[in-house]
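Working notes, beginning with the structure itself.
Computed from the coordinates by the stated procedures, all read-outs in this text should not be read as laboratory data. Model, not experiment: these values are computed from the prediction. Virtual Cβ from ideal backbone geometry, glycine too; neighbours counted across all protein chains shown.
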Amino acid sequence: MQSAPAIQKLLDELERLPGVGPKSAQRMAYWILNSDRATALRLAEAIAEVKDTVRFCSRCFNYAEGDLCEICASTKRDQGILCVVSEPRDIPPIERTAVFSGVYHVLGGALSPMEGVGPDDLRIAELLARLASEPVTEVVLATNPNIEGETTAAYLARLIKPLGITVTRPASGLPVGGDLEFADEVTLGRALETRRPL
């Protein structure tokens with residue numbers, strides 16, 4: 001059945017969202033249609049506002065509403081520990097752990113020669129400039145534990161270690177409450193490699 005042109009336009013736009021297929025788009029579209037006008041307008045205004053006000057932090061390249069993001073602007077963060085991540089979306093999960101109290105640097109991706117992403121396509125020069133001008137004593141390379149992330153971490157480690165700065169990588173291994181029989185070999189191998197004394 002053919003939808004009205006306005007509905008079809010909404011469905012087409014919703015399907016462009018990552019992870020949204022035709023059925024999910026249809027559910028969202030009908031939720032919007034069945035909502036009162038004020039609810040739909042709040043959603044539209046929130047989208048417009050985020051596009052108008054959010055930019056990249058001039059220091060770490062996280063999302064920010066001002067020149068600096070809230071983390072860079074905070075006086076409570078440990079300026080000596082710098083966590084390097086691939087994308088701004090990698091920061092909230094680390095923050096939710098409430099374990100890391102340092103600052104961040106967002107690369108804007110990961111090295112991927114197959115996709116044509118080289119060192120000049122990432123914010124590596126900005127990272128090195130920060131290391132030269134800020135009191136950083138440790139860099140935590142928290143790129144994803146996949147081929148691109150591991151390649152990026154190895155490349156950055158080769159650049160940073162000669163500067164006399166400690167370079168670390170988060171240990172990876174078994175999830176809390178996980179069963180050994182369900183762990184994949186790579187995860188289990190990592191857990192054994194990064195074992196610590198009790």
With a sphere of radius 13 Å drawn around the Cβ of GLU115, what net charge do the other residues whose Cβ falls strictly inside it have (Lys, Arg +1; Asp, Glu -1)? -2
Which three numbers, in whole Å and largest first, are the semi-axes of the equivalent ellipsoid of segment 5-53 derived from its Cα gyration tensor as √(5λ)? 19, 15, 9
Quarter of the Cα convex hull surface for segment 75-168, i.e. its orientation-mean projected area (nm²): 6.0 nm²
Over the chain, what is the mean sequence separation of C-alpha contacts under 8 Å (at least six apart), divided by residue count, expressed as relative contact order in percent? 13 percent
Tell me the Kirkwood hydrodynamic radius of the chain in angstroms, computed as one over the mean inverse distance between distinct C-alpha pairs. 20.1 Å
Pull up the DSSP beta bridges for the chain and report the antiparallel fraction as a percent, rounded to 5. 20 percent
Listed residues SER86, SER101, SER133; largest mean-square fluctuation, Gaussian network over the chain with Cα springs below 10 Å, found at SER133
Can you spot the lysines whose alpha carbon is less than 28 Å from LYS76's alpha carbon? Ignore those fewer than 8 places along the same chain. LYS161
Residues whose built amide H sits under 5 Å from the amide H of VAL140, excluding neighbours closer than 5 in sequence, are LEU82, CYS83, VAL84, THR168
When the chain is treated as a GNM, springs tying every alpha-carbon pair under 10 Å, which of GLY66, GLY108, GLY164 comes out with the largest mean-square fluctuation? GLY164
Hey, what do the phi angles of segment 126-132 turn into as Karplus ³J(HN,Hα) couplings, whole Hz, using 6.51/-1.76/1.60 and θ = phi - 60°, x for Gly and Pro? 5, 5, 5, 5, 5, 5, 7
With x for Gly and Pro, the residue-by-residue ³J(HN,Hα) of segment 159-170, computed from phi through the Karplus equation 6.51 cos²θ - 1.76 cosθ + 1.60 at θ = phi - 60° and given in whole Hz, is 7, 8, 3, x, 7, x, 9, 5, 10, 10, 9, x
At most 15 other C-beta atoms within 10 Å and a DSSP loop state: those are the exposed trypsin sites (Lys or Arg not before Pro) I care about. Give me the longest piece of the chain that has none. 77-194
